[in-house]
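The values are calculated or read from the model by the stated rules, or taken from the named source; none is laboratory data. Computed from a prediction, not measured in an experiment: that's the story for all the values here. Cβ coordinates were reconstructed from backbone atoms using ideal geometry, including for glycine residues, and neighbour counts include every protein chain displayed. Just the protein is used for accessible areas: all its heavy atoms, side chains included, with ligands, DNA and RNA removed. Shrake-Rupley method; radii C 1.70, N 1.55, O 1.52, S 1.80 Å.
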Amino acid sequence: MNEKLGAAGQPRRHGAHITGHGVVFNLWAPSAESVELLESGQAPRRMPRDEQGWYQALSVTAHAGTRYQYRINGKLVVPDPASSFQPDDVGQPSEVINTVALRDFDPYPGRPWAEAVIYELHVGTFSDEGTYAGVEKRLDDLRDLGITAIELMPIHDVPGRHNWGYDGVLLNAPNVCYGRPEDLKRLLRAAHQRNMMVYLDVVYNHFGPQLNYLHSYAENFFTDRHTTGWGPAVNLEGEHGAFVRQFLIDNALMWLRDYGFDGLRFDAVHALKDDSEQHFLVELAETVREQVGRRHVHLMLENEANQASLLERRDGRVTLYDAQWGDDFHNALHVLLTGENEGYYRAFADRPLQHLARSLAEGFAYQGEIFPLHDRPRGERSDHLPPEATIFFAQNHDQVGNRALGERLAKLVSREKLEQAMALLLLSPHIPMLFMGEEAAAETPDPCDGGTFAASKLDWQALERSDVSRRFRALTRDLLEIRRANILPLLREGVVGAYAELLDPRDGSIGGLDVQWHTPQGGILQIVTNFAEQAVLRPPLVEGETLWGAEPEEGHLYLHPSDILVRLGRRSAPP
């Protein structure tokens with residue numbers, strides 16, 4: 001062990017980094033009085049500290065595969081908070097990983113955002129194996145279905161294995177339950193060989209409470225100036241906040257640059273409280289665009305605040321974030337399909353059809369109006385954004401996981417309503433996302449604990465034997481082929497306007513819907529559908545072809561319950 005860092009020293013970067021002289025270990029621990037490096041097979045060595053609270057040491061004996069920990073104040077032994085891998089789970093020694101060696105010399109260029117058809121999955125329950133290799137085995141099936149991107153729910157290390165992964169502790173370490181870092185890289189390469197993108201869900205708004213030692217040696221990693229629903233807020237402000245921002249941005253760059261992920265979905269960014277002159281989300285996006293901008297990299301938000309300003313385009317190009325999850329669309333659709341009005345559905349229960357119409361035509365249902373659950377304004381005007389700025393879904397891990405019994409839509413609504421929702425989702429010009437198994441009308445719940453973990457796994461053999469599942473897979477495949485052949489060309493032209501009209505809402509909330517999207521070259525996409533329990537008068541249809549639904553016949557002027565009709569037309573000249 002050599003404690004001297006050389007005349008020029010080494011850059012202060014979180015974590016362990018392989019150099020030409022060994023491994024440099026860095027720990028930002030401003031609250032600690034002393035830190036020792038515990039390298040496997042070596043005597044403990046004190047790490048020198050600088051005035052900013054960085055502890056650093058160069059080990060000439062360490063290498064890829066070396067196990068190590070830190071001892072704080074001579075007592076508390078902790079893993080590296082920037083660990084690249086935890087082979088024996090969260091509380092055990094970290095392993096040095098040569099993440100640079102994972103990089104591809106000729107990286108996959110990705111695909112344009114408009115081509116994204118996203119499939120959200122949980123690695124642990126997607127297959128019998130519950131591993132990256134288990135996901136890889138089904139890539140051909142997903143590609144043949146029409147999926148162009150899989151989105152992995154959080155894979156960073158958490159205590160145990162029976163959860164969704166949203167209480168992360170070690171953000172840089174892929175969870176050992178699913179395989180080694182090399183196995184994760186193998187999955188990405190396999191997807192890229194099939195021209196499929198891979199996105200990753202990351203959580204920066206809080207850290208899990210179990211085995212999170214940051215409070216013990218880096219109190220300033222968190223702040224009491226703000227609060228979240230999950231505990232103390234991550235500190236993004238001031239001198240100490242700069243190191244936290246660096247930690248999180250380095251994490252994003254690692255997934256994108258080293259592993260080759262094609263995009264990131266940032267969880268609940270409304271909980272990232274930051275009063276700095278430049279908000280962390282802006283710095284994050286600008287840094288990623290600058291450093292990983294030579295290929296298609298897509299950045300997605302979950303943002304209850306409906307901040308359209310983060311989704312702006314300049315000359316048709318994304319400046320910060322490609323899209324936001326369209327919770328407004330989902331919530332309004334769920335109320336219309338199920339009649340449920342509790343929890344966050346209460347904010348959409350008074351006028352669900354109006355909320356759905358506005359979401360389809362303008363992206364957000366709430367664009368500055370008072371949000372009933374918070375009794376304050378929510379959202380920014382979004383009608384100028386293209387439909388690709390919102391990701392629509394009929395269900396996802398949140399809505400399934402937040403239910404007491406984890407019921408999916410397949411258990412809550414009729415087959416006709418399920419087909420109606422699928423057609424609306426996949427044939428609207430917004431970016432669609434399916435939750436794993438949704439394409440086969442799966443009914444398994446979520447894996448919140450060990451008791452339900454086995455039941456939560458997708459039973460692919462049972463799905464393949466089921467007539468209902470086979471029918472829904474065929475439905476999904478047909479709809480995605482129509483989307484590829486007909487909707488995608490409209491998105492490439494660019495949607496320049498949209499409007500929605502309510503059809504005969506008998507009780508002021510439930511009825512039918514007529515939505516149209518227009519392109520500058522005269523293209524028109526029209527979707528008419530009926531959510532009422534009785535027939536509604538069908539609106540005039542655009543001249544063109546029917547992409548989905550029964551071909552309209554002369555004299556048949558009504559839409560029956562759950563009917564959906566998708567038409568594609570074109571004006572002879574732009575307006």
Item to complete: Return a yes/no flag: does the stretch 264-284 have any residue that is surrounded by 23 or more Cβ atoms within 10 Å (Cβ to Cβ) and of a type in the set (G, A, S).
Response: no
Worksheet item: Pairs, please: C-beta under 6 Å, at least 6 apart or cross-chain, first residue more than 11 Å from M153 (Cβ to Cβ) and without any contact (Cβ under 8 Å) to a residue 60 or more places away in the chain and in the stretch 116-138, second open to solvent by 10 Å² or more (accessible area, probe 1.4 Å) and in a helix (DSSP H, G or I)?
Response: T131/Y178; Y132/Y178; Y132/D183
Discussion item. Among the listed residues V234, V203, identify the single one that is more than 30 Å from E136 (Cα to Cα) and β-branched (V, I, T).
Written reply: V234
Item to complete: Tell me, please, whether a residue that is part of a loop (DSSP other than H, G, I, E, B), open to solvent by 60 Å² or more (accessible area, probe 1.4 Å) and hydrophobic (A, V, I, L, M, F, W, C) can be found in the stretch 12-35.
Response: no
Practice prompt. Only residues in the stretch 538-553 that are on the phi < 0 side of the Ramachandran plot count as the first member; pair them with residues that are among the acidic types (D, E) and modelled with pLDDT of 95 or more, Cβ under 6 angstrom, at least 6 apart or cross-chain, and list the lot.
Written response: P539/D514
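Residue-by-condition table, conditions (1) open to solvent by less than 40 Å² (accessible area, probe 1.4 Å); (2) aliphatic (A, V, I, L, M); (3) more than 21 Å from Y204 (Cβ to Cβ):
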{"site": "V297", "(1), (2), (3)": "yes, yes, no"}
{"site": "E302", "(1), (2), (3)": "yes, no, no"}
{"site": "Q307", "(1), (2), (3)": "no, no, no"}
{"site": "R314", "(1), (2), (3)": "no, no, yes"}
{"site": "R317", "(1), (2), (3)": "no, no, yes"}
{"site": "L320", "(1), (2), (3)": "yes, yes, no"}
{"site": "N331", "(1), (2), (3)": "yes, no, yes"}
{"site": "E342", "(1), (2), (3)": "no, no, yes"}
Item to complete: Please enumerate the residues belonging to the stretch 36-78 that are of a type in the set (A, V, I, L, M, F, W, C) and part of a strand (DSSP E or B).
Response: L37, L38, W54, A57, L58, I72, L76, V77, V78
Discussion item. Conditions first: (1) open to solvent by 40 Å² or more (accessible area, probe 1.4 Å); (2) of a type outside the set (A, V, I, L, M, F, W, C); (3) not in a helix (DSSP H, G or I). Q354 passes all but one, so which condition is the exception?
Written reply: (3)
Worksheet, complete the sentence: Within the stretch 533-547, the residues that are modelled with pLDDT of 95 or more and either closer than 21 Å to S359 by Cα or touching a Pro at 6+ places or on another chain (Cβ under 9 Å) (or both) are T546
Worksheet item: If you check R186, R194, which single one turns out to be surrounded by fewer than 21 Cβ atoms within 10 Å (Cβ to Cβ), under 17 Å from T148 (Cβ atoms) and modelled with pLDDT of 95 or more?
Response: R194
Worksheet item: Would it be correct to say that R46 is closer than 30 Å to L385 by Cα, surrounded by fewer than 22 Cβ atoms within 10 Å (Cβ to Cβ) and basic (K, R)?
Response: no
Discussion item. Tell me which helices (runs of 4 or more DSSP H) are completely within the stretch 80-160 and hold 3 or more residues being open to solvent by 20 Å² or more (accessible area, probe 1.4 Å), or say none if there are none.
Written reply: 139-145
Worksheet, complete the sentence: When the stretch 369-393 is checked residue by residue, the ones that are at pLDDT 95 or above, touching a helix residue (DSSP H, G or I) at 6+ places or on another chain (Cβ under 7 Å), in a loop (DSSP other than H, G, I, E, B) and of a type outside the set (S, T, N, Q) are E380, R381, D383, L385, F393
